[in-house]
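The numbers here are math on the coordinates, done by the rules we state, and not lab data. All values reported here derive from a predicted model rather than from experimental measurement. Cβ atoms come from the backbone with ideal geometry, glycine included; neighbour counts cover every protein chain shown.
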Amino acid sequence: MKIKLIIGALAALCAAPLVSSGQEQQQYVLQTQNNAVVFTTNDAKVALQYFGPKLDASDIQSLLASRLGFNQNTYPAFGMGEDNFNTALSLEMPDGNLSVDLKLQDVKEEAIKEGKQLVFTYKDQSYPFSVKQYYRSYQGTDIVSTWTELTNEGKDEIKLLEFASACVPIKKGDNYLTQFHGSWGCETYMTESPLPVGTSVICGGDAVRNAFVSQAGFMISIDGKPQENAGRVFGGNLVYTGDYKTNVVATQSDVTVISGINPDHSTYYLTKNETFTTPEFLMTVSSEGKGGVSRAFHRWARMYGLHGSDSLRDILLNSWEGVYMDVNQEVMDKMMSDFKAIGGELFVMDDGWFGDKYARNYDDKGLGDWMVNKKKLPQGVPGLTVAAMKHDIKFGIWIEPEMANTASELYEKHPEWVLQQPNRPLVQGRGGTQVMLDMTNPKVQDYVFSIVDNLMQENPSIAYMKWDCNASFMNYGSTYLPANRQSELSIRYNRGLQAVCERIRAKYPNLVIQDCASGGGRVNFGMLRYFDEFWTSDNTDAMQRLFIQWGDSHFYPARAMASHVSASPNHQTGRVVPLKFRFDVAMSGRLGMELQPSTLTDEEKVFSKRAIAAYKEIRPIVQNGDLYRLVSPYDGGAVSSLMYATENKDKAVVYVYRISSLNNQYVPTLCLDGVDENKTYRIHDLTPQNEKRPCILDGKVISGRVLKTRGLDLGMLVPRFMSSVALELIAE
Ligand code: GLA
């Protein structure tokens, strides 16, 4: 193996021999903006030794020579001794042998357009099976990723039993695990607890709506209860649309994360010359607490991981909570005009616009029949795009392409296209009739592609689609896959979905697409590779959204987080929330509205118009800025607060929400972590209830150092339950 010289701390990659450990090892370093990952190799394994702040060459030598590295195998495989527990890979060879014996064959260092890549190639010692393991650093970010390719080089099938993407050691300390769980209407609830000794499992369980029960992203702190701006924290997330599983294995001395596709019920048969590619696992470490981890992921998402992040996102009105399925030409036309009058930029017609024989008036009919309902929309979708043009507003439309109702012409024609199991009754979901199409079937893939394609061919001005998914695998079976491949259904379904998304993106790169699954059921970086944003939750109650959005903000940037002002009392919780509070919450994500604008009073229209205009002013800061979470709603105190700042901190937006109804409760002083201490900021109240009476800070000029270290007193700013303030800070 060629030995290279260490090229210093600034080198993106370096390899050098390490002789002092007794056995000759090669070393490799992958660097990000602030971090380094150090690997050593010998002919048996690749060991991850270090992941943390950059070290110079002599530090690395010293770390390795003194054996202070993790020295942990990065891809432990079952069956050959020391790695029999907590494995990343296990399989059954054609002759029934359950073991894998990998030896490192080759290492490549590659410069790629995203940054730098290391490729470790292993071969089994006795069977025709190989593994390629990738590590990639993304230029301009602090994210490193890893994944593998598993190849059957023989002619007989190999049964894959476990096929993780990553096995990563985390520093043992006073570890806490931060994870995000939920269900419909209360997605992404954050829990933080000391990491117990033993195995903590985070897994989706639902093959399609993988984020309802729990999200794939998690953080592990090293220095005790996680803080926002201090302490070392590891963050990991999987770029996958389907079922995932992460084991956090803690012993008395070590912590290891093993993450990848959930292998439960998903045995995969690797055929002759076939390569199985595991999804990318993203990771970072930060010394700036959870805030540093989130900013690293947001930056990565904006630069690499989120479709369409090169433009600002429109302010939209979605018709769902305004009229539900009672859509028609006149009502849509009026909603467009009313929304345009208060500054709206895009109108989206939600569910209820399609179906002929099985008209979609309730949720029990019509999915699959994507022809327009001529009774409701006599001029078809073109009638709506013409109306949108007349009102000078963009137009978008709702679809749920992976689904059918059994009450549909599609189901009558192709009953074999829906997921089903032999000798079992068909389990039907929403409306008592909803079923899922079998995306493993190429004909179904063509059909799903054609739903988007036909709409776009007929109406090229459609600017936005909301792609919904209101079911999970209720019938775990495919008529397309042979009997002995049913266990591959979940994996092949998600491959089919991804293939369709690839085709859509190749043809329609500029179409904005929302990733919705009964709310936030599909919030993951697998989907967001193709989608521009996600619907955070069907629960639009601003008070509860603070908790949900706080959770989502740990990994997903504000520009992707659709956040809508809806009616009061709220349709999901019945809570009465002031319009200003609703706007101040929605303005901390991608602002939209979800109500019937004609029901707004004149005063509310005036306020909405001002708030929308204010959002346009701060939109680049929210959508492209760095997030600083200041006071968590989960802390149970009087307020919650967060801020966004531009990269050079010349502009910022601060939101403060009074979330407790207790009178005279202690209100903390708010220190603004996201300002530059050496700048001076002029403060502007973005959404005063009364334009002539902005808050007391409006117009004040305060130094960054004072804002950051002394902080702001909030008592006067948010004196009552559900009062709020949104402030813009501009450096003078
Ligand atoms: C799901 C979505 C909603 C709405 C309805 C339409 O519940 O999450 O936003 O689009 O479907 O049926």
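Tabulated data
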{"quantity": "GLN457/ALA613 FRET efficiency (R0 30 Å; Cβ-Cβ; nearest 0.05)", "calculated": "0.25"}
{"quantity": "Within straight-line cross-link reach of LYS708, lysines at Cα separation under 25 Å, skipping those fewer than 8 residues along the same chain", "calculated": "LYS225, LYS290, LYS649, LYS651, LYS679, LYS700"}
{"quantity": "Charged-residue dipole, Cβ positions (Lys, Arg, Asp, Glu), segment 601-732 about Cα centre, Debye nearest 20", "calculated": "140 debye"}
{"quantity": "The chain, helix-only ellipticity at 222 nm - DSSP H runs n ≥ 4, -39,500 (n - 2.57), divided by all residues, nearest 500", "calculated": "-5500 deg cm²/dmol"}
{"quantity": "Value of Rg to Rh for the chain (Rh from inverse mean 1/r over Cα pairs, i.e. Kirkwood)", "calculated": "0.98"}
{"quantity": "Neighbourhood net charge (10 Å Cβ-Cβ; Lys/Arg +1, Asp/Glu -1) for ASP392", "calculated": "+2"}
{"quantity": "Label point 7 Å beyond Cα of ASN229 along Cβ direction - residues of segment 668-683 with amide nitrogen under 12 Å", "calculated": "669-677"}
{"quantity": "Cα-based reach from LYS443 at 12 Å (exclusive), listing aspartates and glutamates while leaving out same-chain residues under 8 positions away", "calculated": "GLU416"}
{"quantity": "Sites GLN125 and GLU412 - FRET efficiency at Förster radius 51 Å, r taken between beta-carbons, to 0.05", "calculated": "0.35"}
{"quantity": "Full-extension gain in nm, ALA499 to THR573, via 0.36 nm per residue minus C-alpha separation", "calculated": "22.8 nm"}
{"quantity": "Amide H contacts under 5 Å for ILE513, placed H, 5+ residues apart", "calculated": "MET465, ASP532, GLU533"}
{"quantity": "Descending principal axes extents, segment 552-635, alpha-carbon based, whole Å", "calculated": "36, 29, 19"}
{"quantity": "Förster-model FRET efficiency, 41 Å R0, ARG720 and ARG682, C-beta, rounded to 0.05", "calculated": "0.95"}
{"quantity": "Length released on extending from LEU426 to TYR666, taking residue separation times 0.36 nm less the Cα-Cα span", "calculated": "80.8 nm"}
{"quantity": "Highest-first arrangement of 672-683, 579-590, where packing means the average Cβ count within 10 Å", "calculated": "579-590, 672-683"}
{"quantity": "Ratio of the Cα radius of gyration of segment 316-401 to 2.2 N^0.38 Å, where N counts its residues", "calculated": "1.02"}
{"quantity": "When each of LYS394/LYS507; LYS394/LYS605; LYS103/LYS159; LYS466/LYS580 is checked by Cα-Cα distance, pairs over 22 Å", "calculated": "LYS466/LYS580"}
{"quantity": "Under the span-like rule (Cα at least 24 Å along the axis, Kyte-Doolittle mean at least -0.5), DSSP H helices of the chain", "calculated": "489-507"}
{"quantity": "Sequence-distant residues sharing a close amide H with TYR269 (under 5 Å, placed H)", "calculated": "LEU160"}
{"quantity": "Full-stretch length increase - THR191, THR277 - with 0.36 nm per residue and alpha-carbon distance subtracted", "calculated": "27.8 nm"}
{"quantity": "Exposure proxy ranking, count of Cβ atoms within 10 Å, fewest first, for CYS469, CYS203", "calculated": "CYS203, CYS469"}
{"quantity": "Segment 600-732 - Rg (one decimal) and Dmax (whole number), Cα, Å", "calculated": "14.6, 45"}
{"quantity": "In nm, spacing of pseudo-spin labels at ILE696 and ASN361 (7 Å Cα→C-beta vector)", "calculated": "5.8 nm"}
